1. Which aspartates and glutamates have a Cα lying under 14 Å from the Cα of B:LYS79, excluding residues fewer than 8 positions away in the same chain?
2. Residues of the stretch A:90-111 losing 40 Å² or more of accessible surface, assembly versus chain alone, probe 1.4 Å, please list them.
3. Return, ordered by residue number, the residues of the stretch A:66-83 whose backbone nitrogen is under 19 Å from a label point located 7 Å along Cα→Cβ of A:THR20.
4. Each residue of the stretch A:68-81 in order: what ³J(HN,Hα) in whole Hz does its phi give by Karplus 6.51 cos²θ - 1.76 cosθ + 1.60, θ = phi - 60°, with x for Gly and Pro?
5. What's the extension gain from A:PHE69 to A:GLN41 if we count 0.36 nm per residue and subtract their Cα-Cα distance?
6. Taking the Cα atoms of chain A alone, what are Rg (to one decimal) and Dmax (as a whole number) in Å?
7. So what is log10(I(q)/I(0)) for chain B at q = 0.10, 0.14, 0.17, 0.23 1/Å, when the Debye sum runs over its Cα atoms only?
8. P(r) for the protein assembly as shown, please, calculated from all Cα pair distances in 5 Å bins and given in %.
Amino acid sequence: KAGVTQTPRYLIKTRGQQVTLSCSPISGHRSVSWYQQTPGQGLQFLFEYFSETQRNKGNFPGRFSGRQFSNSRSEMNVSTLELGDSALYLCASSLDGIGDTQYFGPGTRLTVL
Amino acid sequence: EDQVTQSPEALRLQEGESSSLNCSYTVSGLRGLFWYRQDPGKGPEFLFTLYSAGEEKEKERLKATLTKKESFLHITAPKPEDSATYLCAVQGGEYGNKLVFGAGTILRVKS
């Protein structure tokens with residue numbers, strides 16, 4: 001079974017721009033969660049989508065948004081990029097979400113200049 | 001406030017020198033405790049899921065245990081390829097179905 005895939009793997013943007021990251025979950029998984037990882041804050045939960053609906057949300061500003069398509073693929077968008085948004089963005093998929101193991105993709109390394 | 005704390009922050013071992021990593025948590029209604037391994041520049045790799053106190057799981061040189069307040073990841077006779085950051089995460093209580101991670105333990109095993 002193919003694992004979680006994320007594209008692109010690396011991105012360089014400048015302040016004020018916006019970016020869209022993509023995640024394809026493991027086949028059959030319906031829950032997709034997004035996390036931000038930085039050296040200072042560690043891994044922090046952004047949001048979770050299940051059946052095309054946002055089911056849970058972390059404490060991030062509204063500049064961070066996402067969506068999920070009918071095939072469970074998910075996208076995350078960050079608008080008006082700030083220097084502090086530089087991070088590894090990780091996507092994880094699971095069957096349903098609650099209590100299920102989440103499997104992570106390789107991440108997208110975003111650098112904001 | 002619910003918390004997940006891992007210790008030590010970093011651990012250096014000689015090859016074959018067994019040790020344990022700790023993950024202590026404060027959360028109501030634990031739905032699951034998860035251990036992951038992460039190599040530099042890569043996504044976390046799943047190791048174990050534990051659901052209730054007293055549960056134990058093993059995989060090769062690793063064994064995870066769970067009590068009502070903490071979990072241990074025991075590493076027996078480690079090898080250099082076990083070097084990585086080990087992350088503990090919990091799901092439950094106020095966090096709902098999202099994972100809350102500890103800061104991780106950086107393990108270095110020297111040959």
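1. B:GLU15, B:GLU17, B:GLU60
2. Buried on complex formation: A:ILE98, A:GLY99, A:THR101, A:GLN102, A:PHE104.
3. Only A:66-82 pass the distance filter.
4. 10, 9, 5, 8, 6, 4, 10, 10, 10, 10, 10, 9, 6, 4
5. Numbers: separation 28, 0.36 × 28 = 10.08 nm, distance 2.95 nm.
Separation in residues times 0.36 nm, less the Cα-Cα distance, equals 7.1 nm.
6. 13.1, 39
7. Log10 I(q)/I(0), no solvent term: -0.26, -0.51, -0.74, -1.29.
8. The distribution over the protein assembly as shown is 1, 7, 15, 19, 18, 16, 12, 7, 3, 1, 0, given as percents.
The values are calculated or read from the model by the stated rules, or taken from the named source; none is laboratory data. Only a predicted model underlies this, so the values are computations on that prediction, with no experimental measurement involved. Neighbour counts run over all protein chains shown; Cβ positions are idealised from the backbone, glycine included. Keep in mind that these areas ignore ligands, DNA and RNA; they rest on the heavy atoms of the full protein, side chains included. Shrake-Rupley method; radii C 1.70, N 1.55, O 1.52, S 1.80 Å.
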